Every structure is written in C-alpha cells, then in structure tokens.
1. If I ask for residues that are open to solvent by 40 Å² or more (accessible area, probe 1.4 Å) and at negative phi, which ones from segment 33-56 would you list?
2. Picking from Gly24, Gly19, Gly70, Gly36, which residue would you name as being more than 30 Å from Ile174 (Cβ to Cβ), small (Gly, Ala, Ser) and at pLDDT 95 or above?
3. For residues that are part of a helix (DSSP H, G or I) and open to solvent by 60 Å² or more (accessible area, probe 1.4 Å), scanning just segment 199-217, find the one that is nearest to Val148 (Cα to Cα).
4. Which condition from (1) assigned to a helix (DSSP H, G or I); (2) hydrophobic (A, V, I, L, M, F, W, C); (3) open to solvent by less than 70 Å² (accessible area, probe 1.4 Å); (4) more than 10 Å from the ligand (Cβ to nearest atom) is the one that Ala13 breaks?
Amino acid sequence: MRILVVEDEQKLATSLKRGLEADGFAVDIALNGDDGLWMATEHDYDGIVLDIMLPGMNGYKVCGTLRDVGNWTPILMLTAKDGELDEAEALDTGADDFLRKPFSHLVLVARLRALLRRGSTERPVEMSADDLRLDPNQRRCWRGDVEVELTSREFSVLEYLIRNASMVVSKQDILDHVWDYDFDGDSNIIEVYVRHLRKKIDEPFGRAAIQTVRGSGYRLNADGG
Ligand code: CA
C-alpha cells in the first residue's frame, strides 16, 4: 500500500513516514500543497494523508482539485484547529475522513486502514434541498434538471443556507461565513444577494424556498419551497 503524506511540518512528516513504514506502508512525502497535488496526480496512491494548512495550495484546494478531475483516492485530512467548521469543510471538499491534531499514531493507522479497505469509489459530494442541488466541488447549481448560473458569492450564500436548511440564519451569520474578515460593510448587502438568488432559484420555478423570517434573517425551506 502506497501512501502520500502532504504535510509541511518537516518533523511531523518525517515521523509519519517512519511510523507508517514500520507498519508496512510505502510512503512518499510532499512538503507543500502544489507538490502534493502534482504527486497525487502523477502516481497512483492507495491513500493520501493531507494537512489543511499548507504553504501554496491548501489542503481543501488540493482535495477539491483532485475530486474535480475524478481522482477518488481515499483522503484522510489532518485538521489543526478544533473547529467543527474545519471538519465539515474537509468532508465537503471530498475528504473521506479527518483526524484532529495532535493524534496518536495508532489512531492514524487504524483510520487509514479503514479508509483503504473502502477503496477509491466515486463519491460525489452534493448538497440538496428537495430538487435544489448544489455541487460544491464544481460550484454548480440545479433546480430540477435546469442548471442555474450563480456567481461565486451567490453560490456561497446559497451553500450556507442549504447547509443550515430549516434553520433561521441571521444576516450576520451569513456575513461571517461567506465574507472574509476584511469586509466591514453593511450586513444589508445580504438582502441584495438574497434578492438575486430568489430571482434565479425560486421565482422562475414558482417556488419560495428562501423565506424571510422577520427581524431574524432567513430560512431555507428544506422541501425546497
Ligand atoms: Ca501545516
């Protein structure tokens, strides 16, 4: 079994390699995301251990890119922070499992073996609310059979709403998750995006999936409206 370890902390990378080799794996190391992506594309690995915070291309991007080109090598992502968001995002980009740092070698090997047993089958990651579907990897959106063109920001707002389907989310919640920290504008900008989204995913189809909850924010109806 040949494993690619993509990890920029040299010491950790080396100890992972030694440990995994002692367990009978063949191990290659990439010290940044770009090399990792290249190696994963050029060679046929049985599994990839992928750190998220990497110089150059980060782990999410490496994972998303591999899935985009139809590479379904099992990926175990290493998350540094103890944030649930990190982990949700890891799975959204098409990772198969994640492991929170610091981890024990025994746990790593157990999780890796479990992944390798499952093998690399195609597992497109889609999100949906009734007949509204999103493909976060390719950032495409459909209402039924009709593909809907969304801008990148519209997509991110809709993705956040679907991820929280049936729950009320405030404008501030959306702002915090979709805009970066440098944005210091008015949260009313969300209204503009919601209006655009309704014109694209709801009105042409006679739906009203994005509901306004007066004084609180918005709620995406899980049955798609
Ligand atoms: Ca790192």
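The values are calculated or read from the model by the stated rules, or taken from the named source; none is laboratory data. The shown structure was predicted, so the numbers you read here are calculated from the model rather than taken from an experiment. Positions of Cβ are backbone-derived with ideal geometry, glycine not excepted, and every protein chain shown enters the neighbour counts. Calculation scope for accessible area: heavy atoms of the full protein, side chains included, ligands and nucleic acids excluded. Shrake-Rupley method; radii C 1.70, N 1.55, O 1.52, S 1.80 Å.
1. Initial filter on segment 33-56 (open to solvent by 40 Å² or more (accessible area, probe 1.4 Å)): 34-35, 38, 41-44, 46, 53, 55-56.
Those that are open to solvent by 40 Å² or more (accessible area, probe 1.4 Å) and at negative phi: Asp34, Asp35, Trp38, Thr41, Glu42, His43, Asp44, Asp46, Met53, Pro55.
2. Numbers: Gly24 fails: at pLDDT 95 or above; Gly19 fails: at pLDDT 95 or above; Gly70 fails: at pLDDT 95 or above.
So the residue among Gly24, Gly19, Gly70, Gly36 that is more than 30 Å from Ile174 (Cβ to Cβ), small (Gly, Ala, Ser) and at pLDDT 95 or above is Gly36.
3. Here is the first cut: in segment 199-217, the ones part of a helix (DSSP H, G or I) are 199-205.
Still in the running and open to solvent by 60 Å² or more (accessible area, probe 1.4 Å): 199-200, 203-205.
Values: Lys199: 11, Lys200: 7, Glu203: 12, Pro204: 10, Phe205: 11 Å.
This residue is Lys200.
4. Checking Ala13 against (1) assigned to a helix (DSSP H, G or I); (2) hydrophobic (A, V, I, L, M, F, W, C); (3) open to solvent by less than 70 Å² (accessible area, probe 1.4 Å); (4) more than 10 Å from the ligand (Cβ to nearest atom), the one that fails is (4).
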